[in-house]
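Here you go, one structure.
The values are calculated or read from the model by the stated rules, or taken from the named source; none is laboratory data. Owing to the predicted nature of the structure, the values given are computational and were not obtained by experimental measurement. Reconstructed Cβ throughout: ideal geometry from the backbone, glycine too, with neighbour counts over all protein chains shown. Accessible surface areas use protein heavy atoms only, side chains included; no ligands, DNA or RNA. Shrake-Rupley method; radii C 1.70, N 1.55, O 1.52, S 1.80 Å.
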Amino acid sequence: MGACTGVTDGGLERFAVARQALQNHSPAAGGGLRKLSVMNCPRLTNKTLQAVADRLPEVLDLCIYGCYKMTDEGLIGFKRGCCLCRLNTSGCYKITDSGTRYLIQVRPSLLLYHKPRDFYLPTLPLYKGLSA
């Protein structure tokens, strides 16, 4: 769904409601939605994060890269009851270190991508000898 500039919170919430209803009505229809990418969808806000947390708790991997209207407040819904394992918030400029610290406290096993520049670790053996 990435880079869909016309996708709105309401559209994604209706999708989440329909997906939840399908799961409730026919559990054999599938194991649930595991990966969801809404990267670079500029119209999405915290309402989308709330819909995912409330209606799609089986999502393991969520990418909201570039969704710049999302804030720390949207992260509150991802508590211990959800299955979220990986979250990419790069480019979500209103999500601060404070918000990501909160999320790591309530979901300590979460793999969080927030600031890509922080992933270069020249002290790791893989990078030794590569720096000039």
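Could you state the accessible area per residue of region 33-113 in Å², with a 1.4 Å probe and every protein chain left in place?
Working: 3960 Å² over 81 residues.
About 49 Å² of surface per residue is accessible.
With point charges of +1 on the Cβ of Lys and Arg and -1 on the Cβ of Asp and Glu, referenced to the Cα centre of region 33-113, which listed residue (Leu62, Tyr93, Leu110) lies farthest in the positive direction of the dipole?
Going by the Cα projections, it comes out as Leu62.
For the peptides 62-73, 5-16, what is the packing order when you average, over each peptide's residues, the other Cβ atoms within 10 Å and list the highest mean first? Intermediate results must be reported in sequence, preceding the final value.
Numbers: 62-73: 20.0, 5-16: 15.6.
Taking the mean over residues of other Cβ atoms within 10 Å, the ranking is 62-73, 5-16.
Continuing with this model, one more query. Students often forget the sequence filter, so: which lysines lie under 17 Å Cα-Cα from Lys94 once same-chain residues fewer than 8 apart are removed?
Lys47, Lys69, Lys115
Could you give the dipole magnitude of region 33-113 about its Cα centre, charging the beta-carbon of Lys and Arg +1 and that of Asp and Glu -1, in debye to the nearest 20? Numbers along the way, then the final one.
Working: 12 positive and 6 negative charges, 22 e Å.
It works out to roughly 100 debye.
Here's another thing I want to ask about it. Along each of its three principal axes, how wide is the spread of alpha-carbon positions in region 1-114, in whole angstrom units, largest first?
The Cα atoms of region 1-114 stretch 40, 33, 17 Å along the principal axes, largest first.
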